[in-house]
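Here is the structure we will look at.
The values are calculated or read from the model by the stated rules, or taken from the named source; none is laboratory data. Quantities reported herein were computed from a predicted structural model and do not represent experimental measurements. Using ideal geometry, Cβ is built from the backbone for each residue, glycine included, and neighbour counts are taken over all protein chains shown.
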Amino acid sequence: MTSDKNAISGVSLEKSFDKPKVEDNVTVSVKFSVTGALREAFNEKNWEKAYNNHDNTFKLRYGVKLHTSGLRKKEIGKPLDTYKKAALFWTRNPKLTQMGEKKVWVQISKNFEPSIPNSQSEAQQLFLDFDEKIQFSASELGVGKHKIGAEVYVSWFKHDYTEPFDETVHSKEIEIEVTK
């Protein structure tokens, strides 16, 4: 492994409207990634090793909260607190495993919706890249200019190929101007 640390990186916010009206709903997309040791270690070789050691599931917990800036920060929208799960399984499908004699593959689930990636890099993207949308009413902010920020956290327990992790980061703020 070239990196022995994990980090939450690339936290960015994108708003649906530049100038929403008070009665509009606003959607803010929060994008971020987990980089470092886990991304490098989340590969076929380690999946097989973990599977053979009966470490078949990996639960990655994460959350996003939007808030206004200033002296009195106010939480807006419904905070997100959920997880993604990687389940290792034995397969005979030759299209899945890139290494000929290897037979262990991964299924990634988010909100109980499973998907089986076609490649190792797709599995890393599905499991470690995030694009979460949080919706709220512009009336929560009121008329005027408002700065919005996000707090993002990610955590997991120790597994065969990675150490435990628990980190919270804050995004740069974006400005939303609510009109009448």
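Structure notes:
- Some residue of region 127-141 being crowded, with 17+ Cβ neighbours inside 10 Å, out of contact with any strand residue (DSSP E or B) (no Cβ under 7 Å at 6 or more places or on another chain) and farther than 13 Å from Thr68 by Cα: no
- So Asn6, is it under 17 Å from the mean Cα position of the chain (by Cα) and touching a residue at least 60 places away in the same chain (Cβ under 8 Å): yes
- Tally of residues being under 30 Å from Ala41 (Cβ atoms) and of a type outside the set (Phe, Trp, Tyr) across region 135-160: 8
- Filter pass, Lys84 being farther than 22 Å from Arg61 by Cβ and either modelled with pLDDT of 95 or more or in contact with an Asp or Glu (Cβ under 9 Å, 6 or more places away or on another chain) (or both): no
- Residues of region 140-151 classified as of a type in the set (Gly, Ala, Ser) and not in a strand (DSSP E or B), total: 1
- Residue in region 48-68 that is charged (D, E, K, R), within 30 Å of Lys145 (Cβ to Cβ) and touching a Pro at 6+ places or on another chain (Cβ under 7 Å) present: yes
- Here region 42-77 is the region considered, the condition is being among the acidic types (Asp, Glu) and out of contact with any helix residue (DSSP H, G or I) (no Cβ under 9 Å at 6 or more places or on another chain), and the residue that is surrounded by the fewest Cβ atoms within 10 Å (Cβ to Cβ) is Glu75.
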